[in-house]
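Data first, discussion second: the structure below is written as structure tokens.
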Amino acid sequence: MVALAPHTHYRVSKRGLVLACPNGDTVLFEHPRAADLPVLLATNPDPSHLTTALGPPLDPTVVDDLVELGVLTNGDDDPGTNHSSSPARERRFTVSRSGLMIKGIATPSAWLNRRLVPLLTHPLGLIVIAAVLAAGGIALLCGRPDGLPRVSDSPATEALLMIALGMTATIAHEFAHAVALSHYGRAPRRAGFGFYWGALSFFVDSTPALTLPRHQRVVQALIGLVVDVVTTALFAIAAHLVQDPLLAIVFWRLAILGLVDIGINALPVLQVDGHWALADLLDEPDLGPRARRALAHTIRRQLPAGQRALAAYGAISLAVGLTMIATLAYAFWATTGDLVIALFNGNPAQIAIGLYYVGPLALGLIFSTLGLLLESTTSNTHTTPNRTETTPPCTPTDRTHQPQKDSS
């Protein structure tokens with residue numbers, strides 16, 4: 001006898017049924033009768049009856065796959081059977097392709113949702129935010145503060161402050177995604193640290209957002225950008241108010257790089273926030289992988305019928321993605337090149353800081369460029385690391401929010 005696992009969320013999409021398991025994993029079940037699955041499960045059928053009721057086309061192992069993934073429970077299993085949804089399999093720390101994943105972000109996110117969100121959404125809070133944005137815009141329009149040198153007398157301290165404050169801004173961006181999940185009744189599954197575009201970054205796995213209603217998914221995808229606009233405004237204001245030249249330089253650089261990050265992260269390409277918002281708007285939970293596969297099919301002149309728009313989106317994503325990488329590299333060097341040169345002209349400790357500051361970024365840009373070209377032109381015609389096209393019809397999906405590049 002099979003049944004929907006307790007506390008499983010689901011929604012019907014035009015690509016099939018999106019189901020979020022109790023452990024946070026999310027599955028896309030693609031089948032002509034996918035929307036009927038919850039109704040069919042209400043009678044607690046045995047696996048063979050469920051397979052018959054769904055009808056073709058259906059992989060004979062699909063029910064076992066859904067049980068293994070934790071979406072379904074099977075009353076015929078032995079009591080000692082341990083599926084992926086079992087708490088015994090959950091570990092506080094895990095390593096994935098995204099980096100080191102850590103459980104526990106749901107607690108601080110829920111606390112912030114209860115304590116901070118009501119203050120920010122109160123009319124007085126909205127007035128304060130509007131005032132900060134207006135002042136930040138004026139500060140940016142005023143340009144670089146007068147008399148500010150290109151680099152301070154303490155480049156090592158300057159670089160360390162850039163790294164620390166930039167990481168703080170990234171954490172605020174990512175926490176916004178997690179708080180939005182809590183606000184809409186979903187528990188963020190994990191947060192973590194990994195290397196994104198070459199630098200150590202903080203990120204949130206927002207996969208449970210895939211089962212939210214469309215409007216809530218779009219808001220959850222874009223809320224990090226709202227936080228970025230506020231932090232960029234605060235950096236610009238601080239650059240004009242502080243008296244210490246070192247702090248003024250740091251704040252001004254972060255403001256300019258923040259503007260670049262906002263523009264890049266808002267673009268509806270690759271898998272940054274703009275992409276997720278577009279995928280949510282179109283109700284295409286695996287838009288990116290499908291577009292890259294369609295582009296690869298086009299290059300090999302094997303494009304299936306009806307996928308020209310996907311292939312065009314894949315081509316645009318590739319072109320814009322390469323432009324994004326070039327823009328980021330230019331913006332970083334234009335705003336921070338003097339600091340990098342000063343670090344490499346300093347003592348061994350300063351050179352070590354310079355190596356961390358620019359070395360991983362340079363490697364990340366190179367490998368990101370190669371990855372974009374290879375993935376879009378040689379993408380496997382049947383599978384990607386997180387998704388299969390239609391076989392098998394139930395496949396894990398992932399919405400790990402890769403953060404804006406911490407350009408500091």
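The values are calculated or read from the model by the stated rules, or taken from the named source; none is laboratory data. Just so it is clear, the model here is predicted, and its values are computed rather than measured. No Cβ is skipped: glycine too gets one built from the backbone with ideal geometry, and neighbour counts run over all protein chains shown.
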Restricted to the range 303-344, and to residues that are surrounded by fewer than 16 Cβ atoms within 10 Å (Cβ to Cβ) and aromatic (F, W, Y), which residue is farthest from P268 (Cα to Cα)? F344
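This table checks each residue for (1) assigned to a helix (DSSP H, G or I); (2) over 23 Å from V226 (Cβ atoms); (3) touching a residue at least 12 places away in the same chain (Cβ under 8 Å).
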residue: R91; (1), (2), (3): no, yes, yes
residue: L120; (1), (2), (3): yes, no, no
residue: L124; (1), (2), (3): yes, no, no
residue: I129; (1), (2), (3): yes, no, yes
residue: A135; (1), (2), (3): yes, no, yes
residue: D146; (1), (2), (3): no, yes, no
residue: P149; (1), (2), (3): no, yes, yes
Could you list all residues from the range 215-225 that are out of contact with any helix residue (DSSP H, G or I) (no Cβ under 6 Å at 6 or more places or on another chain) and either more than 18 Å from I262 (Cβ to Cβ) or of a type in the set (K, R) (or both)? H215, Q216
Being modelled with pLDDT of 95 or more, buried (at least 18 other Cβ atoms within 10 Å of the Cβ) and within 22 Å of the chain's Cα centre (by Cα) narrows it down to one of I237, I223, so name that one. I223
Taking first residues from the range 265-285 that are within 16 Å of H177 (Cα to Cα) and second residues anywhere that are surrounded by fewer than 22 Cβ atoms within 10 Å (Cβ to Cβ) and among the β-branched types (V, I, T), the pairs with Cβ under 6 Å that are 6 or more apart or on different chains are H275/V269; A277/V218; D280/V218
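Could you check, for the range 101-122, whether at least one of its residues is modelled with pLDDT under 80 and not assigned by TED's automatic domain parsing to the domain that holds R11?
yes
Within the range 217-248, which residues are free of Cβ contacts under 8 Å to residues at least 12 places away in the same chain and assigned to a helix (DSSP H, G or I)? Spell out how you get there, then give the answer.
Filtering the range 217-248 for residues free of Cβ contacts under 8 Å to residues at least 12 places away in the same chain gives 241-244.
Residue satisfying the conditions is L241 alone.
Given the structure, is A164 loosely packed, with under 15 Cβ neighbours inside 10 Å, in a helix (DSSP H, G or I) and out of contact with any His (no Cβ under 8 Å at 6 or more places or on another chain)? I'd like the intermediate steps shown before the answer.
Working: loosely packed, with under 15 Cβ neighbours inside 10 Å: yes; in a helix (DSSP H, G or I): yes; out of contact with any His (no Cβ under 8 Å at 6 or more places or on another chain): yes.
The answer is yes for A164.
Determine, yes or no, whether P149 is modelled with pLDDT of 90 or more and over 28 Å from the mean Cα position of the chain (by Cα).
yes
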Could you say whether any residue in the range 84-91 is hydrophobic (A, V, I, L, M, F, W, C), modelled with pLDDT under 90, touching a strand residue (DSSP E or B) at 6+ places or on another chain (Cβ under 7 Å) and on the phi < 0 side of the Ramachandran plot? no
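Answer yes or no as to whether L322 is among the hydrophobic types (A, V, I, L, M, F, W, C), modelled with pLDDT under 85 and assigned by TED's automatic domain parsing to the domain that holds I264.
Working: among the hydrophobic types (A, V, I, L, M, F, W, C): yes; modelled with pLDDT under 85: yes; assigned by TED's automatic domain parsing to the domain that holds I264: yes.
Here the answer is yes, as L322 does meet what is asked.
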If F193 passes every condition in (1) assigned to a strand (DSSP E or B); (2) more than 14 Å from the chain's Cα centre (by Cα) but one, which one does it miss? (2)
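Residue-by-condition table, conditions (1) outside the structural domain of L287 (by TED's automatic domain parsing); (2) over 22 Å from the mean Cα position of the chain (by Cα); (3) loosely packed, with under 14 Cβ neighbours inside 10 Å; (4) touching a residue at least 40 places away in the same chain (Cβ under 8 Å):
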site: V18; (1), (2), (3), (4): yes, no, no, yes
site: D36; (1), (2), (3), (4): yes, yes, no, no
site: T51; (1), (2), (3), (4): yes, yes, no, no
site: L54; (1), (2), (3), (4): yes, yes, no, no
site: G75; (1), (2), (3), (4): yes, yes, yes, yes
List pairs: first in the range 165-191 and on the phi > 0 side of the Ramachandran plot, second modelled with pLDDT under 95 and assigned to a helix (DSSP H, G or I), Cβ under 7 Å, 6+ apart or cross-chain? none
Out of A135, A53, report the one residue that is modelled with pLDDT of 85 or more and within 30 Å of T232 (Cβ to Cβ). A135
Kindly evaluate L72 against the criterion of being closer than 24 Å to V12 by Cβ and at pLDDT 85 or above. yes
Yes or no: the range 380-395 includes at least one residue that is touching a helix residue (DSSP H, G or I) at 6+ places or on another chain (Cβ under 7 Å) and at pLDDT 70 or above. no
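Taking H9, is it closer than 25 Å to L281 by Cβ and over 24 Å from the mean Cα position of the chain (by Cα)?
no
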